[in-house]
Each structure stands twice: as structure tokens, then as C-alpha cells.
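Below is one structure, written out as C-alpha cells; comments come after it.
Rule-based calculations on the coordinates, nothing more; no lab input. Values in this document were obtained by computation on a predicted structure and should not be read as measured data. Cβ coordinates were reconstructed from backbone atoms using ideal geometry, including for glycine residues, and neighbour counts include every protein chain displayed.
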Amino acid sequence: MSKAQIIDGKACAKGVREKIKAVVTDLKESCGLTPGLAVVLVGADPASDIYVSNKVKQTVGAGMNSFEHRLPQETAQDDLLSLIEQLNGDDQVHGILVQLPLPDHIDEAKVIAAIDPLKDVDGFHSINAGRLSTGQPALVPCTPVGCVILAKKVKPDLTGLEAVVIGRSNIVGKPVAQLLLQENCTVTIAHSRTKNLADVVRRADLLVVAAGQQEMVRGTWIKPGAIVIDVGIHRLTTPEGKTKLVGDVAFDEAVKVAGAITPVPGGVGPMTIACLLRNTVVASYRSEGVEAPDLG
Ligand code: NDP
């Protein structure tokens, strides 16, 4: 039985980072501009701490300025909003990322709304969501951008494909669907109330799964030859006591049917931070009134 092409997210992310590094060097030399990313972490959640450290490391590795703000768990909402206001007005800062989740006493929506949309490198601000859905230049959430770059590695022109996205969250499902629409796919968005999900999935030439349900999509659901992008991440403990990561797709089954598939780990995950750096470069160019070169 033939096996699907494995889409190597690590290698693709490395390629994006290399392009970014070259563009950052050029920006510095040609107009004396160094892109800067401010990352704000409130509290000491261990997973968030690791994400932030990785973001800082990769930002510096790409030759950009990194501004790290680690605030105590009990930080008042007004103090966080004041910091964001200060970063909004700081010319050295082109991107602002507030690591989520925030502590319960802070209103996430208010914090996201306070970020200057031109510096909103997570792409969560409703101005950016609106700009994306109306086809205007926007800062687009990082994971969806990564999904589309990975799909285009397999098929550079996605025009006319039947695309099915499972999940309708604001951070993954909806923006990925918008991006696929821009790529001229015929897009179906499925969710927890979708009837006959397996039949809907069987229509897909391109399937993006962001449901947060461990190995939910079975091999029998997949159209032979389809491109499968698995966004889900679940940490399991094997009977031997080892930790294992799996996705929303039953990989061992799907790999026998799909034409190409992202693994978990090593698929979509590595693309997310690479696309954050990409968005920071895009925001830096726009601060100079120009669009960034192709960084895909
Ligand atoms: P959310 O929980 O916000 O959204 C999940 C979506 O999936 C919802 O729209 C929900 O439908 C739908 N859904 C849930 N169960 C089913 C089901 N049984 N059948 C069909 N649809 C279903 O999750 P996120 O979008 O934030 O994340 C999705 C997954 O991606 C998670 O596993 C998360 O860990 C992972 N992730 C990975 C990232 C990476 O860098 N690799 C980055 C971000 C997320 P409804 O709206 O009806 O409730």
C-alpha cells in the first residue's frame, strides 16, 4: 500500500526563518530598521514560560530585537493595559504578543482590543479579523498562516480544491478557512454540530483539522490522495510511562490513505513561531509604509 508524503514542518519552519533572517539583515542595512517583538507574560504558567522562552530565542536568532516583559500573576488589569499603551507608542516595537491564557482576573478580550492592530502579530484583534475577511492587508493568526504554507509546499496552487476545515475557533478554524478562500478553494467549515462529519471529510481534497479531539479523524474518513494538515496537539502517557504527542488525526491510519500529511509532532507546531517572526517582519515593513517581500 502506498504511503503519504510526510510534510516536514520543521524543515519548512527552518526555511521561513532563514528567509526572515536575510530580510532582517537587508532591512538593517538598507534603512537602519531592526524589527522588534515585545512579548508579555503574566504569571508563571510552566507551558507559557516555555513558549515565551522559545519565542524570545527565535526572535533574537533571526537578528531582531526582543523585549521581554514578565509580570507577576497578581498584576492588575490596568497595569497590563498601561504597559500595552506604552508598547503601542514605542517606535522600537513593531510587534506585541501577550501570551495567553491570562490570569482569571484579567479580561483577555479587553487586552487584545488594547493592542495597536498594526502591532497585533498574533492577529487576534477584531480589526485584523475583519481585514482578513474583507480581503484587506491584515496581520493573520500564526498557526493558520503556517497551515497554508505547509499545504502549498505540496501543491503550490490550491485553486479549485474542496477544502474542509474542522473547527471554527477565532484563532485557528475561522482564519484558516478565510485564507483558503483567498487561495480559491471551495471551503466547508465543520464543527461540533456538523452532521455526518465523516461524509463531509470524505469530500476534502485538502483537510485541516483543528478540533482539539485526540485522533478523531480516522483513516476511513479521508479521500485517497488528500492533503491532511493536523493542527491538534495532545500529550499522552504510553503504557510504558513515556510521553507521546498525537494529533486530531489517527496518523497511522491516515498515512495509508492521504497523499500528504503533517505529522504530530514536527508538522504544524514548528510553523507557529516561524510565522510569528514573519508577522513581526510584515508589521515592521508596514511601519515604513511598504509591504514585506514574500516570506512564505
Ligand atoms: P477550540 O477548542 O477553540 O476549538 C475547537 C473547534 O473544534 C470548535 O469549533 C469545535 O466546535 C470543534 N470541535 C470540537 N469537537 C468536535 C467534534 N467532535 N467534531 C467536530 N468539531 C469539533 O480549539 P483551537 O482552535 O484553539 O485548537 C484546536 C486544536 O489545535 C487543539 O488541539 C489545540 O491544542 C491545537 N493548536 C495547536 C497549535 C499549534 O501550534 N500546533 C496552535 C493552536 C491550537 P464548536 O465550535 O461547535 O464547539
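Computed over the chain with a Gaussian network model linking Cα atoms closer than 10 Å, the most mobile of CYS142, CYS31, CYS12 is CYS31.
Residue separation of LYS14 and GLU162 scaled by 0.36 nm, minus their Cα-Cα distance, works out to 50.4 nm of gained length. Of ILE127, LEU197, ALA47, which is farthest towards the positive pole of the chain's charge dipole, taken about the Cα centre with +1 and -1 on the beta-carbons of Lys, Arg and Asp, Glu respectively? Checking the options against the dipole of the chain, the answer is LEU197. Shape class of region 153-296 from the Cα gyration tensor (axes a ≥ b ≥ c, square roots of the eigenvalues): oblate, since a/c reaches 1.5 or more and a/b does not exceed b/c. If you plug the beta carbon distance of ALA47 and ALA198 into 1/(1 + (r/R0)^6) with R0 = 35 Å, you get a FRET efficiency near 0.60. When DSSP assigns beta bridges and you keep just the ones with both residues in the chain, what percent turn out antiparallel, to the nearest 5? Bridges in the chain are about 10 percent antiparallel. Could you check the spin-label model distance between ARG70 and ILE127? Points 7 Å from the Cα along Cα→Cβ, value in nm. Going by the 7 Å Cα→Cβ label model, 3.1 nm. For the cross-link pairs LYS21/LYS57; LYS14/LYS57; LYS10/LYS152; LYS19/LYS153; LYS21/LYS155, the ones whose C-alpha atoms lie over 18 Å apart are LYS21/LYS155. Of the trypsin sites (Lys or Arg not before Pro) in region 226-296, the ones in a loop by DSSP (not H, G, I, E or B) with at most 11 other beta carbons within 10 Å are LYS242. Taking SER133, SER192, SER48 as the candidate residues, the one with maximal mean-square fluctuation in a Gaussian network model of the chain, Cα springs under 10 Å, is SER192.
In a DSSP loop and with at most 16 other Cβ atoms within 10 Å, the GluC sites (Glu not before Pro) in region 71-123 are GLU74. Counted as membrane-span-like here are DSSP H helices of the chain whose alpha-carbon atoms extend 27 Å or more along the helix's own axis and whose Kyte-Doolittle mean is -1.0 or above; these are 9-31, 268-287. Assuming R0 = 41 Å, can you tell me the calculated FRET efficiency for the pair ALA109 and LEU236, based on Cβ-Cβ distance, to the nearest 0.05? Calculated value: 0.80. Mean residue ellipticity, 222 nm, helices only, the chain: the sum of -39500 (n - 2.57) across DSSP H runs of n ≥ 4, divided by residue count and rounded to 500, is -12500 deg cm²/dmol. So, in Å, what gap is there between the alpha-carbon centers of region 109-159 and region 1-63? Using only Cα atoms, the two centres lie 16 Å from each other.
Under 13 Å from the 7 Å Cα→Cβ point of GLN5, by amide nitrogen: which residues of region 234-262? Under cut-off, by backbone N: 259-262.
Look at the dipole of the chain built from charges on Cβ: of LEU181, LEU27, VAL217, the Cα furthest out on the positive end belongs to VAL217.
Could you tell me which of rounded, prolate or oblate describes region 78-130, using a ≥ b ≥ c as the square roots of the eigenvalues of the alpha-carbon gyration tensor, with rounded for a/c under 1.5 and, failing that, prolate when a/b is larger than b/c and oblate otherwise? Oblate shape, in that a/c is at least 1.5 and b/c is the bigger or equal ratio. Between region 231-294 and region 185-230, what's the alpha-carbon centroid distance in Å? Measuring centre to centre over Cα atoms gives 17 Å.
Specify whether the C-alpha gyration tensor of the chain places it in the rounded, prolate or oblate class, a ≥ b ≥ c being the square roots of the eigenvalues: rounded for a/c under 1.5, otherwise prolate if a/b is larger than b/c and oblate if not. Here the chain falls in the prolate category. Rounded to the nearest 20 debye, the dipole size of the chain about its Cα centre is 1240 debye, using +1 on the Cβ of Lys and Arg and -1 on the Cβ of Asp and Glu.
Charge dipole (Cα centre; +1 on Lys/Arg Cβ, -1 on Asp/Glu Cβ; no other charges) of region 1-137 amounts to roughly 920 debye.
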